[in-house]
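Just below is one structure, and these are the notes that go with it.
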Amino acid sequence: MSIWRVFVHCLVAEAQQRSASATVNESWDEMRYLMFVCVGESVELESRERARIGPDTEAWVTEMDGRGARLQGQRLAAPSEATTVRVRHGEVLVSDGPFAETKEHIAGFDILDCADLDAAIEVASKHPVARFGTLELRPFWEQ
């Protein structure tokens, strides 16, 4: 079973955990980060890890929502479901599939609200996908 199928199947609970009543820091005193959850298409989880990923992700969501460190998150469909849009010389060009040919794809995202990069790294390091994938943190653009 591919990691995409496991990831999509096991993380349904993550979307269900989100609620309008989640604690959100409205003061903007902290930094906001977009955390990309990236997984290699060829990653195959052993049965033990496959069984743990759903409950471990639910626990991570619950902890980070409770701390106010996670504002929102969602898994994404497989890269084969992507549509790419470009405009060249006034013509809209639409193509199927991901923008880049890569071995890792964005499987989901979370918006984090943390005091600084060190705090965001601590939050990311606790995400279960960090055990076999990559978590990329990007601060939101500030002017």
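Read-outs: derived from the displayed coordinates by stated rules, not from any lab. Model, not experiment: these values are computed from the prediction.
Taking amide H as placed 1.01 Å from N in the peptide plane, G108 has its amide H under 5 Å from the amide H of V37, L76, each at least 5 places away in sequence or on another chain. In order along segment 75-88, phi translates into HN-Hα couplings of 7, 10, 5, 4, x, 5, 8, 6, 10, 10, 10, 9, 10, 10 Hz, rounded to whole numbers, per the Karplus curve 6.51 cos²θ - 1.76 cosθ + 1.60 with θ = phi - 60° and x for Gly and Pro. Restricted to Cα atoms, segment 37-143 shows a radius of gyration and a Dmax of 16.4, 52 angstrom. The phi torsions of segment 113-126, fed into the Karplus equation with coefficients 6.51, -1.76 and 1.60 and a -60° offset, translate into couplings of 10, 10, 4, 6, 4, 4, 5, 5, 5, 4, 5, 4, 5, 8 Hz, rounded to whole numbers, with Gly and Pro shown as x.
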